[in-house]
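Notes for the one structure printed next.
The values are calculated or read from the model by the stated rules, or taken from the named source; none is laboratory data. What you see is a predicted model; the values in this text were computed from it and never measured. Every residue, glycine as well, gets a Cβ built from its backbone with ideal geometry; the counts of neighbours run over all protein chains shown.
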Amino acid sequence: MTALDLIRKYTEFNVWANQQMSDWLEGRDQSLMEAELKSSFPTINKTLAHIWFGEHIWMKRILGQPFENINLVCEGKPSTFICEGLLHQSREFAEFAGKLTEEDASGMVNYKLMSGESSASPIVEIIHHIMNHGSYHRGQLVTMGRELGFTDPPKTDFIHFCRLKI
């Protein structure tokens, strides 16, 4: 398996894991989705929006396009809206990765950090970063959900996904 094959698999995993999380959170009382908790982001909805924003901003950076502030787009919206947007963005990443060549994957992307500082990274590292970012915050969502009394969180580990796909 090449590095590009692995990145493609990782983007497919990301779609699957975000779907698992969305299914787990579907139908929950919206007041619980907006309940303030001690975490990186104060609510489940804000954590979901942050994951979506991360995927959105990096895809736009790769494509050299302007991005919008997904956090503002999600303000006051139900979790179903946020999950639908996140899943759409995750599928876009997987489709993008599926079309990459080895040469494309090693290509550099120049971008500005939120601080305004200029930086550059290869596409393959950006994709790896943003997929890992989603895993990190899905773990927080499980902890937040358990704090709110949600049971049976989904298994969203990469190796679990790989075993399911064998």
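List of remarks:
- Unique match (being buried (at least 20 other Cβ atoms within 10 Å of the Cβ), farther than 14 Å from residue 140 by Cα and free of Cβ contacts under 8 Å to residues at least 40 places away in the same chain) among 81, 53, 67: 53
- Of all residues in region 118-137, those satisfying the criterion of being in a helix (DSSP H, G or I) and either surrounded by 14 or more Cβ atoms within 10 Å (Cβ to Cβ) or of a type in the set (Lys, Arg) (or both) are 123, 124, 125, 126, 127, 128, 130, 131, 133, 134, 135, 137.
- Listed conditions (1) surrounded by fewer than 21 Cβ atoms within 10 Å (Cβ to Cβ); (2) closer than 15 Å to residue 132 by Cβ; (3) touching a residue at least 40 places away in the same chain (Cβ under 8 Å) are all met by residue 2, apart from (2).
- Of the residues making up region 41-52, at least one is at pLDDT below 95 and within 18 Å of the chain's Cα centre (by Cα).
- Selection count where residues are within 22 Å of residue 95 (Cα to Cα) and either surrounded by 14 or more Cβ atoms within 10 Å (Cβ to Cβ) or touching a Phe, Trp or Tyr at 6+ places or on another chain (Cβ under 8 Å) (or both), scope region 9-46: 14
- Selected residue (criterion: farthest from residue 22 (Cα to Cα)) from residues of region 84-99 that are surrounded by 19 or more Cβ atoms within 10 Å (Cβ to Cβ) and under 10 Å from the mean Cα position of the chain (by Cα): 93
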